[in-house]
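I'd like to ask you about the structure that follows.
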Amino acid sequence: MRFKQFDINFDRFTYIVEDTGIRLIIRRLSSSTETFVDFESIGSKIIRENTRKSRWLFISVFFILITIALFVYRHSGGSVEEGAELIYLSISATFAFVFVFTGKNKVFLAQSDNTNAIEFIGKKRDKEKLTVFIKQLLQCRDSYLINKYTTFDKYIPYDQQYKYLIWLYSEKLLTADILKEKIVELDSCFKDGNQKRDDFAKVVGFKNNDSDPRQVKEKGEEFE
């Protein structure tokens, strides 16, 4: 899956969703970068940012003030070169144009702590397409992570695979019921699973009882 964007600054963004993550290629007038972000590092938090360089606005206002001053001075009887106001007004308009059209609207897809942010161009013309692409990207991420970390291997340490399940749950990719099912499935791969589960009981908030020491707490009590 591929998605492309460009803006008035001639920045070109290309996003390529691959089997294990997304490749981001950014080409600017003076530089080019290529970054790969694996699915494990892709968050679902949307951050919107609008930035403009205020110095262009200040310069525009400065020349507007000069234009006004010349206009007032001329009409009060002062000697002003013919067309001076028009020249300064044109300069002001030019910097105002630069201020408006060099602004950047950005959208970032980041982790909950704002790390590993993937940058998108947030122009209105791309809003619908961008929304669809992000949705599809997250669907690809979720499918990959669920398939990868709920397929168990007895040659990989139990603790490691168990932590992945808890991580999937914390990312809301597994419900509590499915989490319990997957833990049972994981336990069946290990003869000493019950002992290993006891080592984690206090850490992840499971009830520890005679019937099922890894039983998930009911709604309202989960992972307090």
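Within 10 Å of each residue's Cβ, count the other Cβ atoms and sort 26, 42 from fewest upward.
Starting with the residue having the fewest Cβ neighbours, the order is 26, 42.
Determine, for 41, 76, the number of other Cβ atoms within 10 Å of each Cβ, and report the residues in order from fewest to most.
Neighbour counts put them in this order, fewest first: 76, 41.
OK, next. Need one number: nm distance between label points at residue 143 and residue 129, each 7 Å from Cα along Cα→Cβ, rounded to one decimal.
Placing both labels 7 Å along Cα→Cβ, they lie 2.2 nm apart.
Past 32 Å, Cα to Cα: identify those pairs from 129/154; 45/182; 106/180; 123/180, in the order given.
129/154; 106/180; 123/180
Order of 82, 185 from fewest to most other C-beta atoms within 10 Å?
In increasing order of surrounding Cβ atoms, one gets 82, 185.
Which length gain, in nm to one decimal place, applies between residue 31 and residue 75 when the Cα-Cα distance is subtracted from 0.36 nm times their residue separation?
10.7 nm
I've got another one for you. For the range 13-70, state which trypsin sites (Lys or Arg not before Pro) are in a DSSP loop and have at most 16 other beta carbons lying within 10 Å of their beta carbon.
Here the sparse-neighbourhood loop sites are 28, 52, 53.
With charges set only on the Cβ (+1 for Lys and Arg, -1 for Asp and Glu), what does the dipole of the range 43-133 come to about its Cα centre, in debye to the nearest 20?
The calculation lands at about 480 debye.
Taken together, the values in this text are just the output of simple stated rules run on the coordinates, not laboratory data. These numbers come from a predicted model, not from an experiment. Cβ: placed from backbone, ideal geometry, glycine included. Neighbour counts: every protein chain shown.
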